[in-house]
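Take a look at the structure set out below.
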Amino acid sequence: MPELPEVETIAKSLSASLPGLVIEKVEVLNSQVIAAPGSGEFCRLVAGRKILGLSRRGKYLLMSLSGDLVLAVHLRMTGRLIHTGPGEPLARHTHLIFFLQNGTQLRYADTRRFGRLWLLAPGSLSTHPGIGSLGVEPLSPQFTPAYLAGALAGRRTRLKSLLLDQRVVAGLGNIYADEALHRAGLHPLRPACTLTGEEVEALHAAIREVLREGIAARGTTVRDYTDGRGQAGTFQEKLRVYRRQGQPCPRCGKPIARLVLGGRSSYFCPGCQR
DNA sequence: CGGACAACCTGGTTGC
DNA sequence: TGCAACCAGGTTGTCC
């Protein structure tokens, strides 16, 4: 579900209300979502900690806690973190409830139960199998056309597959990869190593542009996604190709096509993505 | 290396 | 109405 702009929006919305609050206790309704440590240890270690701040790395939400701990959350497809008042009815598929000092609650709900939480020491972020192998942040100064050119060089794989590889660029998912390729005028099946310098520049610019616009629109809500206050995003209104099969391309008018790559849909315009 | 596919899950939509 | 098939924002592992 959530890609970089959605996780960024959740982190920002929770940053407005959570920092400074102490977690009094954790109620585990489904321990499956806690990846590490075991749920007993997890609850024991989290209880009594103060929430210091929220940040994001790739599609991971990071919550720093007092006593040098980090709670890392990956929402996968349908995970949601919502800060609620005590009286709100419990959403279906709520798996964890963090009871906070002021009576409010932070709830983790996840219909498909793919999402996971890890409680980590800050130093062990780099050895975490997912977080430690993440590539560059696409909105950071380190993500340059030269970096992208280096990542594409010698790679026979298709552009779309490469953009979804979190070890290359952290945070792109199916929606924003398709939207970036369309804006850059590049076909999803194009072998990565065949791009010209000009095309690499266009792709670099398109990735940054579409992510910035996604953040400005507070993310894309196709179905389940909401921010930390339960509010939907609006970028779904601005999508040019994703899930628009058969509808006219906003640039050239040709019908948007769909292809399947590695079991996942890719939407593109056969007219302007050669 | 790269690609296809299954697995992990529930639920919404579509088509017969 | 019923039911099966297919689809979904992600990641990981296996097999070829």
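Rule-based calculations on the coordinates, nothing more; no lab input. Here the structure is a predicted model, which means the values were calculated and not measured. FYI the Cβ positions are ideal-geometry reconstructions off the backbone, even for glycines, and counts take in every protein chain you see.
Sorted by packing (mean other beta-carbon atoms within 10 Å per residue), highest first, where do A:4-16, A:245-257, A:64-76 land?
A:4-16, A:64-76, A:245-257
Residue by residue through the range A:261-274, what is 3J(HN,Hα) from phi via Karplus (6.51 cos²θ - 1.76 cosθ + 1.60, θ = phi - 60°)? Round to whole Hz and write x for glycine and proline.
10, x, x, 10, 6, 10, 10, 7, 9, x, x, 10, 10, 7
How large is ³J(HN,Hα), in whole Hz, for each residue of the range A:180-187 in order, when computed from phi with the Karplus curve 6.51 cos²θ - 1.76 cosθ + 1.60 and θ = phi - 60°, using x for Gly and Pro?
Along the range A:180-187, the couplings run 5, 5, 5, 5, 7, x, 10, 6 Hz.
Would you mind checking which residues have amide H under 5 Å from residue A:136's amide H? H placed 1.01 Å from N; only 5 or more apart, or other chain.
Under 5 Å from the amide H of residue A:136: A:170.
Mind checking which of A:21, A:32, A:52 is farthest towards the positive end of the range A:10-60's charge dipole, using Cβ charges of +1 (Lys, Arg) and -1 (Asp, Glu) about the Cα centre?
A:52
Using the alpha-carbon atoms, what tilt in degrees (0 to 90, nearest 10) does helix A:197-216 show relative to the longest principal axis of chain A?
40 degrees
Over the range A:145-268, what number does the Rg to Rh ratio reach, with both radii from the alpha-carbon atoms and Rh per Kirkwood?
That ratio equals 0.97.
Using a cut-off of 25 Å between alpha-carbon atoms, which lysines can reach residue A:254, once sequence neighbours fewer than 8 places away in the same chain are excluded?
A:160, A:238
Please give the charge dipole size of the range A:145-268, origin at the Cα centre, charges +1 on K and R Cβ atoms and -1 on D and E Cβ atoms. Round to the nearest 20 debye. Don't jump to the answer; show the numbers that get you there.
Numbers: 20 positive and 11 negative charges, 71 e Å.
Charge dipole, the range A:145-268, about its Cα centre: 340 debye, nearest 20.
If the cut-off is a Cα-Cα distance under 19 Å, which aspartates and glutamates reach residue A:59, setting aside same-chain residues fewer than 8 apart in sequence?
Cross-link targets: A:3, A:6, A:8, A:110, A:137, A:165, A:178, A:179, A:209, A:213, A:224, A:227.
Applying the Karplus parametrisation 6.51 cos²θ - 1.76 cosθ + 1.60 with θ = phi - 60° to the phi angles of the range A:83-100, what ³J(HN,Hα) value in whole Hz is obtained for each residue in order, glycine and proline being reported as x?
With coefficients 6.51, -1.76 and 1.60, one gets 8, 10, x, x, x, 5, x, 6, 5, 4, 6, 7, 10, 9, 10, 9, 8, 9 Hz.
Amide H of residue A:95 versus every other amide H placed in the peptide plane: which residues, excluding those fewer than 5 positions away on the same chain, fall under 5 Å?
Amide H neighbours of residue A:95: A:108, A:109, A:110.
Hey, can you grab everything whose amide H is under 5 Å from the amide H of residue A:24? Only 5+ residues off in sequence or another chain; H modelled, so Pro and N-termini drop out.
Residues meeting the amide H criterion: A:48, A:99, A:100, A:101.
Across every pair of different alpha-carbon atoms, what Kirkwood hydrodynamic radius in Å does chain A reach?
Values: mean 1/r = 0.0511 Å⁻¹.
Result for chain A stands at 19.6 Å.
At what distance in angstrom do the alpha carbon centres of the range A:81-137 and the range A:155-221 lie from each other?
28 Å
Over the range A:226-274, calculate the relative contact order: mean separation of alpha carbon pairs under 8 Å at least 6 apart, over the residue count, as a percent.
27 percent
Let me know the charge dipole size of chain A about its Cα centre in debye, to the nearest 20, where only the beta-carbon of Lys, Arg (+1) and Asp, Glu (-1) is charged.
Charge dipole of chain A: 720 debye, to the nearest 20.
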